[in-house]
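Encoded as structure tokens, the structure appears first; notes follow it.
Every read-out reported here was derived from the displayed coordinates using simple, explicitly stated rules and does not represent laboratory data. Just so it is clear, the structure is predicted and the values come from calculations on it, not from any experiment. When we count neighbours, we look across all protein chains shown, and the Cβ atoms used for this are built from the backbone with ideal geometry, even at glycine.
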Amino acid sequence: MVDWEEMRRIEEEVHRCVRCPLHKTRTNPVPGEGGFRKGILFIGEAPGKNEDLQGRPFVGRAGKLLDELLSSIGLTREDVYITNVLKCRPPNNRDPTPSEISACSPYLERQIVALSPKLIVTLGRFAWAWTCERFGIPYRKLSDARGKLYISSTLLGTIRVFPTFHPAAALRRKELVDVMREDFQEIRRIVEGLPP
């Protein structure tokens, strides 16, 4: 059962957040969005330029690819919840710093508790590394880890994590688009086998 009240509280706190210097350069924070009808949580790295302007996750070219990949397995944004490790855009889309990740992590941790996802799909190496660290999954390089389901028993219960590449990486390296298509077909098979 999703605690939507807590999700609203988190969103309000993210909008007021000054925990790291990124609040000084952001246009809009990006807490996340989605209907979550299928219980799947997608976690990316951080908002980019378009996301910062609109206050919504994955709305640029990478978001268009993510929408296509979701559609290829019969899902829409209403079926999933999409967020990022960082809720504010790093200047010039640079990599998140450890201190920024540390400052922002409590929001994502609380979102996971409030949503209680059946499946977490990590998009890119930062989300994969964050999830490994939080849930005691042995870290492997993303190119070796992707496309497989990892299950961890935690205080929150059973956590299922499926890592794949970030859509932005697939836009830079076209061969990764087909790899992501394969991964999304595997996501469909996993979702079909999950308890209701």
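Can you tell me the equivalent ellipsoid semi-axes for segment 4-192? Use √(5λ) from the Cα gyration tensor, largest first, whole Å.
23, 19, 16
Going by how many other Cβ atoms sit within 10 Å of their own, how do M1, M7 line up, fewest first?
Arranged by neighbour count, lowest to highest, M1, M7 become M1, M7.
Explain nothing, just the number: relative contact order of the chain, from Cα pairs under 8 Å at least 6 residues apart, as a whole percent.
23 percent
In the Gaussian network model of the chain, springs joining C-alpha atoms below 10 Å, which of D183, D95, D79 carries the largest mean-square fluctuation?
D95
With springs only between Cα atoms under 10 Å, which of L155, L176, L66 fluctuates most in a Gaussian network model of the chain?
L155
So how strong a dipole does the chain carry about its Cα centre when Lys and Arg Cβ are +1 and Asp and Glu Cβ are -1, to the nearest 20 debye?
Charge dipole of the chain: 400 debye, to the nearest 20.
Please tell me which of these pairs span more than 25 angstrom C-alpha to C-alpha: K118/K148; K148/K174; K38/K141; K24/K141?
Among K118/K148; K148/K174; K38/K141; K24/K141, the Cα-Cα distance tops 25 Å for K38/K141; K24/K141.
Quick check on packing: order 80-89, 163-172 by the mean number of other C-beta atoms within 10 Å, highest mean leading.
Going from most to least packed, we get 80-89, 163-172.
Using Cβ contacts closer than 10 Å as the measure, can you line up D67, D52 from fewest to most?
Listing D67, D52 from fewest to most nearby Cβ atoms yields D67, D52.
Please give, to one decimal in nm, the separation of the simple spin-label points placed at R94 and E78, each 7 Å out from Cα toward the Cβ.
Distance between the two pseudo-spin positions: 4.1 nm.
Measure out, as a whole number of angstrom, how far apart the alpha-carbon centroids of segment 1-19 and segment 154-184 sit.
26 Å
Over the chain, what is the percentage of antiparallel beta bridges among all DSSP beta bridges, to the nearest 5?
35 percent
Return the sequence-ordered ³J(HN,Hα) values of segment 89-102 in whole Hz as given by the Karplus equation 6.51 cos²θ - 1.76 cosθ + 1.60 applied to θ = phi - 60°, using x for Gly and Pro.
Running phi through 6.51 cos²θ - 1.76 cosθ + 1.60 with θ = phi - 60° gives 6, x, x, 6, 6, 5, 5, x, 8, x, 5, 5, 4, 4 Hz.
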